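Input: a single structure, listed below in structure tokens.
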Amino acid sequence: MTTYTISFFNNGYGQQLESIKEVTIIPELPLLVEDGFIFDGWYLDENLTVAVEVGSVLESDITLYASWTRQRGGWGSSTDIGASTYANPDNTI
């Protein structure tokens, strides 16, 4: 069985993570924490347009990109740094 590596790019916030090696599907992914920011999730592309789906079957090594929302001025006030979610109907990457 062929296995793959998942690498992480934190986009400058939170802890930089080690790669996950020898996997065939996307496992539960780590959550990042950064003061003043909300971690929005992992994406398959640098532009943060394709959200990762846990359980997706891997077909190659991938890099996942962290999306963040900056918190401003307390509760209920935030600025989205940029993320959209698009479905992956066949659940492969």
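The values are calculated or read from the model by the stated rules, or taken from the named source; none is laboratory data. From a predicted model like this one, the values you see are computed outputs, not experimental measurements. Note that we place each Cβ from the backbone using ideal geometry, even for glycine, and neighbour counts take in every protein chain shown. Surface accessibility is based on the protein's heavy atoms, side chains included, excluding ligands, DNA and RNA. Shrake-Rupley method; radii C 1.70, N 1.55, O 1.52, S 1.80 Å.
Remark: the range 4-13, residue by residue, has Karplus-estimated 3J(HN,Hα) of 9, 10, 10, 9, 10, 10, 7, 6, x, 10 Hz, where x stands for each Gly or Pro and the curve is 6.51 cos²θ - 1.76 cosθ + 1.60 at θ = phi - 60°. For Val54, the accessible area of its heavy atoms, probed at 1.4 Å with every protein chain present, is near 80 square angstrom.
Using a 1.4 angstrom probe on the protein heavy atoms only, could you order Asp61, Asp35, Asp45 from most to least accessible area?
The ordering from most to least exposed comes out as Asp35, Asp61, Asp45.
Taking a ≥ b ≥ c as the square roots of the eigenvalues of the alpha carbon gyration tensor, the range 1-51 is prolate, as a/c is not under 1.5 and a/b beats b/c. Taking amide hydrogens as placed 1.01 Å from N in the peptide plane, the amide H of Gly41 sits under 5 Å from those of Ser67, each at least 5 positions away in sequence or on another chain.
Other residues lying with their Cβ under 13 Å from the Cβ of Pro27 contribute a combined charge of -2, Lys and Arg counting +1, Asp and Glu -1.
Multiply the residue separation of Ser56 and Thr3 by 0.36 nm, subtract the distance between their alpha-carbon atoms, and state the gained length in nm to one decimal. The partial results should precede the final answer.
Numbers: separation 53, 0.36 × 53 = 19.08 nm, distance 1.34 nm.
Roughly 17.7 nm would be gained on extension.
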